[in-house]
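Chemist: Sharing a structure with you now.
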Amino acid sequence: MFTLTQLLQLLPSARYEGSPPGENLSIQHVAADSRTVRAGSLFVAVPGGSVDGHRFIPAAFAAGAVAAAGTKPAKQLRDAKLLNEHQPYIRVVDSRSSLAIAAAALHDFPSRKLAVIGVTGTDGKTTTATLLESILAAASSDATAPQGRVGIVTTVGARIMGQESDTGLHVTTPDAPEVQEFLAQMVDGGCRYAVIESTSHGLAQARVAAVDFDVAAVTNITHEHLDYHGTRDAYVAAKALLFRALYASPEKPGMRRCAVLNADDAGSYGALLSVLNEEAHEHDRHVQVRSYGLPGHSQARLDVAAVGVDYGIDRTQFELRWWGGAFPVETRLIGEFNVYNVLCAATAALSLNASPAAVQAGVEAVTGVIGRMERIDGGQPFLAVVDFAHTPNSLERALQTLRPLVTPHADGTPGRLIAVFGSAGLRDRAKRALMGRASGAFADFTVITAEDPRTEDLAAICAEIATGVRETADDSRFVIVPDRAAAIQYAVDMAQPGDVVGAFGKGHERSMCF
């Protein structure tokens, strides 16, 4: 609970434009969706991509809101019959950041009472965050909290000390009020650590704007979300907001802030290093920078490295070398990209003084992540995998990881890697042909299908993917089956013992958007 007076103090550029004066009004809830408003709510009008939140101010007051905030002048809203002269109103410069600050104030800024780790990147965020959760749980488990004192919010869901919480149908970072509520639940539950998967949309839309981060980590930055961000530079700049927030966050007692970079990723390392140098000049605060990678993959200095990697069909082993020594690591996650995910999580945890033993135990405890290289066993005589790969880079890496698992058919003919995937409508169109090209090059057969076509023509989307497949494979190596269920069935029906069928793009998601 807080008052409008306190909010105005937190937002120096905000002005109270309500009449009569209502600065001392008590706020018991914060919402940007008028459908979730209840008695005592502050409604923050957020201009959206297609709908202006100011339109819903009357509905919010009708539902019990005691005040509203927005970017438009109160007079303009009154003239438009969206606000009356008796309703308290605060005019702000940025609705989204104001929403985040108000939500944090409602819960007494919970992130200030936790060690908060933000994980961003194009691919591998959820797996890395899950690994980090497991490591920190091993580092903080005790008799009163055997699951470890860790909370996590990802695009899959939220867990607080092992207890699942529903986040609905999110495929990105939850909105600021939900993020702050989860953080408050973590504090109330006795958590020491909070792991927040931070998407580019979540960062650009200030959903984590009022979170005080202690560690910021990146997996990689590849081709994705250019439909929203416009350019690759803008996409990288959105990811960089997590690292800028690291410098803006006040240092907590006994906590050392750290930026974790992938030294082998050309798409992120140089750009983020420049951002960190820029922020270091602007702020009188020290942030440690740690890099991870595989020896020989780049010229950058490595603080954490995987040496002697042994890739098995059901596990991966290597020696992890870090600034404090070296120790063996074994994970049931397969493929080179998961080595990077383990390195990213381990670097973040070690920067928080987690022990090598906690890293070993935490990594080994993760047997898989829902919708991420998830093996589906229905008794079929071939390997079936569901994965979230929905970018050209992640699809290529997933196919390369699955290739060694293909074995010859009983008659001695080569086994096949069969890929089922689509590409989302109203999203980055350029990646459609790129994904098709990757599948044509690295899969033996491609089944093109639906993946959230939204309001676009599904046939047109599939045709764009097919154009890419034809760059690396002939027409005999792909088929278009628009219905996703039928497409998966098509792949299953053609599969023989020794084949591998991978359904990509949807991963953990349980919905399809038409």
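Chemist: Quick one: S141 ticks every box in (1) more than 23 Å from H508 (Cβ to Cβ); (2) among the hydroxyl-bearing types (S, T, Y); (3) modelled with pLDDT of 95 or more except a single one, so which number is it?
Modeler: (3)
Chemist: Just a yes or no: is a residue in the range 143-153 open to solvent by less than 30 Å² (accessible area, probe 1.4 Å), closer than 14 Å to A176 by Cβ and in contact (Cβ under 8 Å) with a residue 24 or more places away in the chain? Write out each step before concluding.
Modeler: Quick first cut of the range 143-153, residues open to solvent by less than 30 Å² (accessible area, probe 1.4 Å) only: 145, 148, 150-153.
Among the residues that remain, those that are also closer than 14 Å to A176 by Cβ are: 153.
Those still in the list that are in contact (Cβ under 8 Å) with a residue 24 or more places away in the chain too: 153.
The answer is yes, given that some residue of the range 143-153 is open to solvent by less than 30 Å² (accessible area, probe 1.4 Å), closer than 14 Å to A176 by Cβ and in contact (Cβ under 8 Å) with a residue 24 or more places away in the chain.
Chemist: Still on this model: Just one of L273, L302 is over 18 Å from I196 (Cα atoms), out of contact with any Asp or Glu (no Cβ under 6 Å at 6 or more places or on another chain), open to solvent by 50 Å² or more (accessible area, probe 1.4 Å) and at pLDDT 95 or above; which is it?
Modeler: Criteria check complete, one pass: L302.
Chemist: While we're on this one: When you look at Y193, is it farther than 24 Å from V153 by Cα, among the aromatic types (F, W, Y) and open to solvent by 20 Å² or more (accessible area, probe 1.4 Å), yes or no?
Modeler: Working: farther than 24 Å from V153 by Cα: no; among the aromatic types (F, W, Y): yes; open to solvent by 20 Å² or more (accessible area, probe 1.4 Å): yes.
Judged against the criteria, Y193 is not a match.
Chemist: While we're on this one: Quick check: anything in the range 196-203 among the small types (G, A, S), within 20 Å of T127 (Cα to Cα) and part of a helix (DSSP H, G or I)?
Modeler: Step one: of the range 196-203, the residues among the small types (G, A, S) are 198, 200, 202.
Among the residues that remain, those that are also within 20 Å of T127 (Cα to Cα) are: 198, 200, 202.
When the remaining residues are screened for being part of a helix (DSSP H, G or I), the result is 200, 202.
Among the residues of the range 196-203, at least one is among the small types (G, A, S), within 20 Å of T127 (Cα to Cα) and part of a helix (DSSP H, G or I), which makes the answer yes.
Chemist: Of all residues in the range 407-427, which are surrounded by fewer than 19 Cβ atoms within 10 Å (Cβ to Cβ) and in contact (Cβ under 8 Å) with a residue 60 or more places away in the chain? It would help to see each step written out before you state the result.
Modeler: First pass over the range 407-427, keeping only residues surrounded by fewer than 19 Cβ atoms within 10 Å (Cβ to Cβ): 407-414, 426.
Within the range 407-427, T407, P408, H409, A410, L426 meet the criteria.
Chemist: Between A210, A204, which is open to solvent by 10 Å² or more (accessible area, probe 1.4 Å), hydrophobic (A, V, I, L, M, F, W, C), out of contact with any strand residue (DSSP E or B) (no Cβ under 8 Å at 6 or more places or on another chain) and closer than 24 Å to P392 by Cβ?
Modeler: Working: A210 fails: closer than 24 Å to P392 by Cβ.
Going through A210, A204 in turn, the sole match is A204.
Chemist: Just one of (1) free of Cβ contacts under 8 Å to residues at least 60 places away in the same chain; (2) surrounded by 22 or more Cβ atoms within 10 Å (Cβ to Cβ) trips up P356, so point out which.
Modeler: Going through (1) free of Cβ contacts under 8 Å to residues at least 60 places away in the same chain; (2) surrounded by 22 or more Cβ atoms within 10 Å (Cβ to Cβ) one by one, P356 breaks only (2).
Chemist: Something else now. Among the residues that make up the range 353-368, is at least one of them touching a Lys or Arg at 6+ places or on another chain (Cβ under 7 Å) and farther than 27 Å from E319 by Cα?
Modeler: No; the residues of the range 353-368 include none that is touching a Lys or Arg at 6+ places or on another chain (Cβ under 7 Å) and farther than 27 Å from E319 by Cα.
Chemist: State all residues of the range 107-124 that are in a helix (DSSP H, G or I) and buried (at least 24 other Cβ atoms within 10 Å of the Cβ); if no residue qualifies, say none.
Modeler: We begin by selecting, within the range 107-124, every residue in a helix (DSSP H, G or I); these are 110-113.
P110, S111 - these are the residues of the range 107-124 that are in a helix (DSSP H, G or I) and buried (at least 24 other Cβ atoms within 10 Å of the Cβ).
Chemist: Here's a follow-up. Confirm whether A68 is surrounded by 14 or more Cβ atoms within 10 Å (Cβ to Cβ) and either basic (K, R) or within 19 Å of A206 (Cα to Cα) (or both).
Modeler: Numbers: surrounded by 14 or more Cβ atoms within 10 Å (Cβ to Cβ): yes; either basic (K, R) or within 19 Å of A206 (Cα to Cα) (or both): yes.
Spelling it out, A68 is indeed surrounded by 14 or more Cβ atoms within 10 Å (Cβ to Cβ) and either basic (K, R) or within 19 Å of A206 (Cα to Cα) (or both).
Chemist: Within the range 14-67, work out how many residues are assigned to a loop (DSSP other than H, G, I, E, B) and β-branched (V, I, T). I'd like the intermediate steps shown before the answer.
Modeler: Kept after step one, since they are assigned to a loop (DSSP other than H, G, I, E, B), are these residues of the range 14-67: 14, 17-25, 28, 32-33, 37-40, 45-46, 48-51, 63-66.
Still in the running and β-branched (V, I, T): 37, 46, 51, 66.
Counting residues in the range 14-67 that are assigned to a loop (DSSP other than H, G, I, E, B) and β-branched (V, I, T) gives 4.
Chemist: Let me ask another. Output the residue which, of all residues in the range 279-313 that are more than 25 Å from the chain's Cα centre (by Cα) and assigned to a helix (DSSP H, G or I), is nearest to F337 (Cα to Cα).
Modeler: By that ranking, first place goes to A280.
Chemist: With (1) open to solvent by 10 Å² or more (accessible area, probe 1.4 Å); (2) small (G, A, S); (3) in contact with a His (Cβ under 9 Å, 6 or more places away or on another chain) as the list, and G371 as the residue in question, which single condition is left unmet?
Modeler: (1)
Chemist: Sort out for me the strands (runs of 3 or more DSSP E) sitting completely within the range 433-514 that have 2 or more residues that are more than 24 Å from the chain's Cα centre (by Cα) and farther than 21 Å from R375 by Cβ.
Modeler: Values: elements: 445-448, 478-480, 500-504.
Correct list: 478-480.
Chemist: Report, by residue number, each residue of the range 317-338 that is crowded, with 23+ Cβ neighbours inside 10 Å and free of Cβ contacts under 8 Å to residues at least 60 places away in the same chain.
Modeler: Passing the criteria: only L320.
Chemist: Determine the pairs where a residue that is within 20 Å of P453 (Cα to Cα) and modelled with pLDDT under 95, located within the range 489-514, has a partner that is of a type outside the set (D, E, K, R) and not in a loop (DSSP other than H, G, I, E, B) with Cβ atoms under 6 Å apart, the partner being 6 or more residues away or on another chain.
Modeler: G505/F421
The values are calculated or read from the model by the stated rules, or taken from the named source; none is laboratory data. Small disclaimer: the values here were computed from a predicted structure and weren't measured. Here the Cβ is made from the backbone with ideal geometry for all residues, glycine too, and neighbour counts use every protein chain on show. Quick note on the areas: whole protein, heavy atoms, side chains included, nothing else; ligands and nucleic acids left out. Shrake-Rupley method; radii C 1.70, N 1.55, O 1.52, S 1.80 Å.
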